[in-house]
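All of the numbers you see were taken from the coordinates with simple rules; none came from a lab. Quick caveat, the model's predicted, so the values are computed rather than measured. Neighbour counts are summed over all protein chains in view; Cβ atoms, including those assigned to glycine, are modelled from backbone coordinates with ideal geometry.
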Amino acid sequence: MAELVLTKRMIEHPDDSWTLATYELSGGYKALRKVLAEATPEQVHDEVKRSGLRGRGGAGFPTGVKWGFLPEGEFPRYLVVNGDEGEPGTFKDRMLIERDPHQLIEGVVLSAYAIGAAQAFVYCRGELRNAFKRLTTAVAEAQAAGYLGNNILGSGFDLQITVHRAAGSYVCGEETALLSSLEGHRGWPRLKPPFPAIKGLYGKPTIVNNVETLSNIPWIILNGGDAYASMGTEKSPGTRLFCLSGHVNRPGNYEIELGTTFRELFDHWGQGVRGGSRVKAFIPGGASAPWLDASYLDLPMSMEALDEASSMLGSGAVMVLDELTNVVRPVWNLVHFFAHESCGQCTPCREGTRWLEGILRRIVDGRGRLADLDLLVEVSENISPGPGASWPPAQTTICVLGPSATAPVVSTLSLFREDYEALVSTAGTAAGAAGAAGAAGVST
Amino acid sequence: MSAQANSEVFFEGERLDAAKAKIAQYPQRRSAILPLLHMVQQERGRVCAGPMREIAALLDLAPVDVLGTASFYGMFKVDPDTRGPGQNSSQNSGQNSGQGRGDSKHLVSVCGGIVCMLAGSHELYREILASYGCDGNEITDDGMFSFELVECAAACGGAPAIQVDYLFFERLQTGDAVDLLEDIRARGLDTVYAERGTVTAPLPPAAAETLGEWQR
C-alpha cells in the first residue's frame with residue numbers, strides 16, 4: 001500500500017510544517033537519532049541502495065549506486081544539494097524547501113554521514129527569496145538544537161551545512177556548472193568524465209543530489225528500503241512529486257506513486273482539462289523532454305515507460321496543452337529559454353539555439369516559409385548529430401543543454417506538423433497575420 | 001548609482017565582519033564571490049564597481065575577475081560604469097541590462113516561462129509597461145518600479161506569476177497587476193505581501209483525499 005513519503009507533514013500541518021517544533025513533534029530527527037546511536041555509514045548506504053531510490057532532479061540515476069562511486073580513503077569529500085530549480089514547469093523543490101526544510105536537512109545529515117562528508121552545501125535558487133530564508137532559519141534552528149555542527153548528538157560526527165544563494169542562471173542546475181559556480185566562477189559546465197564523485201568541488205570527491213532525492217532519506221531510514229521499493233514500479237520504485245501545470249483545472253504539486261498513468265494525473269488529480277477541452281499535447285518531464293500527444297495518456301509515469309516512448313520523466317514537470325493551442329509559440333518560448341540560458345562555451349549550442357529561436361520567432365511572427373520546417377530539423381541535426389536529431393540526443397557539446405533544445409522542436413514537427421504549416425502557409429497574408437496573432441494569443 | 005556612493009567603502013564595520021564570517025564558511029575564498037555580490041546588491045540595488053574592487057581585495061582576485069564572474073549571472077545588475085570607455089553599457093537585452101532595482105525602489109519580475117506565457121504573462125507584461133507609460137525603458141518615471149520579463153520562476157502551479165523584490169504574487173489576472181503595484185506603493189510591500197502574496201508553492205490536496213486514494 002502506498003504512503004506519502006514527502007508531503008504528509010506539510011499536508012497535515014499546513015500552517016507551520018517548517019518549524020522545528022512541528023518537525024520534532026511529527027517524528028522529525030528520529031531517523032537521525034536512530035542512525036547516530038546504532039548504525040554505521042555502510043548500513044545507511046545499504047538501506048538507500050535497497051530502496052532503489054533514483055535521482056529526482058532529472059537524470060534519474062540510482063542514488064545508492066552514485067554514492068558508491070566515491071573512491072575509498074579519499075578525503076575530504078563533499079555533499080552538494082542541488083536546489084537550483086530552474087527547469088521550466090518545475091516547482092516541487094521550492095515547495096519542499098519552503099514547507100519542510102528540516103526534512104531536507106535531516107536527509108542531508110543522514111546522507112553526509114553515509115558518505116563521510118564533513119561539509120554540505122545547499123545551492124539554492126537565488127530568486128526563491130522565501131525558500132532561502134526558511135532554509136537558513138531552519139539550518140540555524142537545527143544547529144542550535146544540536147542536529148548540526150560538531151559531535152552531533154554526541155556521536156562524534158561533525159557536519160556543517162552552508163546555504164549558498166545562486167544568482168539567476170539555469171545552466172547552474174547542471175551539476176558540473178553548479179560546482180563551477182559554487183567555486184566562485186562563471187557557471188560553465190565541465191566535461192564528464194571525470195565525474196564529480198571522483199573529482200568534484202575543489203577537485204575533491206563530491207556527491208551532488210537533488211533536494212527531493214535527499215528529502216526521501218529520513219523516511220527510508222525509518223521505514224526501510226524494502227518498504228520504499230514496494231511502492232512504484234520495479235525500475236522506478238517509490239513515490240515522487242509531479243508538478244502539474246498548464247491547461248488543467250487544478251495545477252499543483254502532487255506526490256504520486258510511480259507507475260500511475262498520465263490520464264489519472266490529468267483527470268483525477270488535475271480535475272480535467274480546463275474549459276471542457278481535451279489534451280492535445282503534453283510535455284511529460286520538463287523543457288528538455290520530447291512532447292507527447294493524447295495517444296500517450298495511458299502511459300505509466302515511470303522512467304522505463306518514458307524511455308520506451310522516446311521521452312523522459314525528467315524533473316517531474318508535466319505541462320498540458322489543450323486543443324485550442326497552436327504548439328509553435330510555446331515551442332518558441334522553450335527554445336528562446338535555452339538560447340538565453342546557454343553558457344556559450346560550445347558552438348553547436350550557442351549558435352544553434354540562437355538560429356532555432358530566430359527561425360521559430362519568424363514563424364510565430366507570420367514571416368515563416370515552408371522551407372523553414374526542414375531548416376529547423378537541419379539546425380537541430382547540427383546541434384545534435386544524427387537523423388532527425390534522434391532521442392536520446394547525441395552529444396557533441398560539454399553538457400546537454402544544446403541537445404535538449406532540439407527535443408521540443410523535433411518532437412512537435414513530427415506530431416503537430418499541421419500547426420507549423422498553418423502558420424507558414426498563410427505567412428505574408430492578412431489571414432496569416434491573424435493566424436500568427438492568434439498563435440501569439442493576441443487578438444487582432 | 002552615484003559616483004559618490006560608488007566611492008564610499010561598502011565592506012566596513014558590520015558588513016566587513018559579516019563578509020569575513022561568510023568567507024570563513026568555505027574551504028576556498030573564491031566561493032564567497034556570490035554571497036558577497038548578493039550583499040552589495042541587496043543594499044545598493046545593483047553591483048557597483050567600488051564594492052566589486054573591494055570584493056576582489058577580500059578574496060585576493062583581480063577586479064576584472066570579479067566583474068567577469070558577476071556579469072554571468074542574471075540576477076546581478078552590473079553597474080554599466082564598470083565597463084570602460086567606448087564599451088556599450090547595455091550589452092544584453094532585458095535581463096542583464098544595466099537597469100535594476102538600484103534605479104528604482106522595487107523590482108518587478110514577470111515570469112515569461114512557457115506555462116505563465118500560456119496563461120497570458122507576456123501580455124500582462126506589456127500591459128504593465130503600457131499602463132505606466134514606460135515605453136521600453138522598463139522603469140517608471142518616478143523611480144518606483146522597474147520591470148523585467150524573466151525566465152521560469154518556479155511558480156507554474158500559480159501561473160501567471162510575478163515577483164516584487166523576489167516575493168511571489170501568483171494567479172494574477174490582467175488588470176490586477178497594476179492594482180497590486182499601486183497597493184504596494186500605498187501600503188508598502190511587506191504589508192501587501194502578507195495579505196496577498198503567495199508564500200509557498202501550491203500544497204497538494206487535503207490529507208483526506210490524498211491518503212484515501214492510497215487505500216486502493
Which of A:S155, A:S288 has the fewest Cβ neighbours within 10 Å, and the rest in rising order: A:S155, A:S288
For B:L149, net neighbour charge (Lys/Arg +1, Asp/Glu -1) across residues whose Cβ lies under 13 Å away: -4
Projected label distance in nm at A:N223 and A:A294, using a 7 Å step from Cα toward the beta-carbon: 3.6
Size of charge dipole - region A:15-122 - debye, nearest 20, with Cβ of Lys, Arg +1 and Asp, Glu -1, no other charges: 280
Spin-label model distance (nm) - A:E418 vs A:E304, 7 Å beyond Cα toward Cβ: 3.6
Sequence-separation-based contact order of chain A, relative, with Cα cut under 8 Å and 6+ spacing, percent: 15
In Å, descending, principal axis extents of the Cα set of region A:188-233: 37, 21, 17
Listed residue (A:C349, A:M312, A:L299) projecting farthest to the positive dipole end of region A:291-363, Cβ model: A:C349
Convex hull volume of region B:107-158 per residue (C-alpha atoms, cubic angstrom): 71
Among A:I217, A:P194, A:G238 - extreme Cα towards positive end, dipole of region A:165-269, charges at beta-carbon: A:P194
Per-residue average of Cβ from other chains inside 10 Å of A:118-130: 4
Average Cα contact separation per residue, region A:138-272, under 8 Å, 6 or more apart, as relative contact order %: 10
Anisotropy class of chain A from Cα gyration tensor, a/c 1.5 cut: prolate
MRE, 222 nm, helices only [DSSP H, n ≥ 4, -39500 (n - 2.57), over chain A, to nearest 500]: -12000 deg cm²/dmol
DSSP bridge orientation in the protein assembly as shown - percent antiparallel, rounded to nearest 5: 45
Rounded to 5, percent antiparallel among DSSP beta bridges of region A:228-355: 80
Between region A:392-419 and region A:204-243, the Cα center-to-center distance that results, in Å: 29
Shielding by other protein chains, B:65-75, mean Cβ within 10 Å: 5
Average Cα contact separation per residue, region A:36-177, under 8 Å, 6 or more apart, as relative contact order %: 26
Cα→Cβ-extended label distance, 7 Å offset, between B:D60 and A:E323, nm: 6.8
Cα-centred dipole magnitude for region A:217-314, charges only on beta-carbon of K, R (+1) and D, E (-1), debye, nearest 20: 480
Of A:K8/A:K204; B:K20/B:K77; A:K49/B:K20; A:K204/B:K77; A:K133/B:K77, those spanning more than 29 Å from alpha-carbon to alpha-carbon: A:K8/A:K204; A:K49/B:K20; A:K204/B:K77
Charge dipole of region A:13-71 about the Cα centre (unit charges at C-beta), most positive-ward option of A:Y29, A:P14, A:S51: A:S51
Given charges at beta-carbon only (K, R positive; D, E negative), |dipole| of chain A in Debye: 800
Cα gyration tensor category, rounded, prolate or oblate, for region A:7-94 with a/c compared to 1.5: oblate
Burial order of peptide ranges A:58-70, A:266-278 (average beta-carbon count within 10 Å, highest first): A:58-70, A:266-278
Net charge of Cβ neighbours under 13 Å - reference A:C243; Lys, Arg +1; Asp, Glu -1: 0
Quotient of Cα Rg and 2.2 N^0.38 Å for region A:57-166, N being how many residues it contains: 1.09
Prolate/oblate/rounded call for region A:272-415, Cα gyration tensor, a/c under 1.5 rounded: oblate
Shielding by partners - mean other protein chain Cβ count within 10 Å, residues of B:143-156: 5
